[in-house]
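So the structure is just underneath, and the comments pick up after that.
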Amino acid sequence: MPKCRARRFREVRPRQLPYETYWATETMGDFDPEEPGAWVTRTVQQCKDLSIEVEIH
């Protein structure tokens, strides 16, 4: 459920991804239908950056 996921995300507050950035991606709030590729590129780059920054134990 997106609401629960957002609440958990806010509680955890990961330093690698600000809540505002997470929420804009989750809700596609910064999606521009005139330039869908820009949103896709931004989202893929965020995923790549997170995969480098986040340490999994």
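Just wondering, is there one or more residues in segment 34-42 that are of a type in the set (S, T, Y) and under 12 Å from the mean Cα position of the chain (by Cα)? Among the residues of segment 34-42, not one is of a type in the set (S, T, Y) and under 12 Å from the mean Cα position of the chain (by Cα), which makes the answer no. Those helices (runs of 4 or more DSSP H) of the chain in which 1 or more residues are modelled with pLDDT of 95 or more occupy 36-53.
If you check V40 against the conditions, is it more than 16 Å from V54 (Cα to Cα) and of a type outside the set (D, E, K, R)? It is true that V40 is more than 16 Å from V54 (Cα to Cα) and of a type outside the set (D, E, K, R).
The values are calculated or read from the model by the stated rules, or taken from the named source; none is laboratory data. Quantities reported herein were computed from a predicted structural model and do not represent experimental measurements.
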